[in-house]
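Below: the structure, in structure tokens.
Each reported figure results from applying straightforward, stated rules to the coordinates on display, with no laboratory input. Here the structure is a predicted model, which is why all the values come from computation and not from measurement. Heads up, the Cβs are rebuilt from the backbone with ideal geometry, glycines too, and the neighbour counts pull from every protein chain shown.
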């Protein structure tokens, strides 16, 4: 346990940040799964747009790296397009 006041505060901030980052990353995974599941449905476009928006937002806030965001969007679009051609 830290004795220094600034380190105690830093530890509290890290805990809050870690919980926020965990929630955002979980939401990205959920939105991605929803977008893939919505292929062929009427809300497909909205689900896909929401997933991409959340990925971009996480990259803008520094939760994920911009290259990781690009890879996630690319993979998502590849999966969606593959399912579109399959159906």
In the stretch 1-42, the residues that are assigned to a loop (DSSP other than H, G, I, E, B) and surrounded by 12 or more Cβ atoms within 10 Å (Cβ to Cβ): 38, 39
Among the numbered conditions (1) assigned to a helix (DSSP H, G or I); (2) in contact with a helix residue (DSSP H, G or I) (Cβ under 7 Å, 6 or more places away or on another chain), tell me where residue 63 comes up short. (1)
Among the residues of the stretch 43-53, which ones are surrounded by fewer than 19 Cβ atoms within 10 Å (Cβ to Cβ) and either in a helix (DSSP H, G or I) or in contact (Cβ under 8 Å) with a residue 24 or more places away in the chain (or both)? 44, 45, 46, 49, 50, 52, 53
Identify, by number, the condition in (1) touching a residue at least 12 places away in the same chain (Cβ under 8 Å); (2) in a loop (DSSP other than H, G, I, E, B) that residue 69 doesn't meet. (2)
Quick one: what pairs do we get from the stretch 24-36, first residue at positive phi and free of Cβ contacts under 8 Å to residues at least 12 places away in the same chain, second in a helix (DSSP H, G or I) and surrounded by 15 or more Cβ atoms within 10 Å (Cβ to Cβ), C-beta under 9 Å, 6+ apart or different chains? none
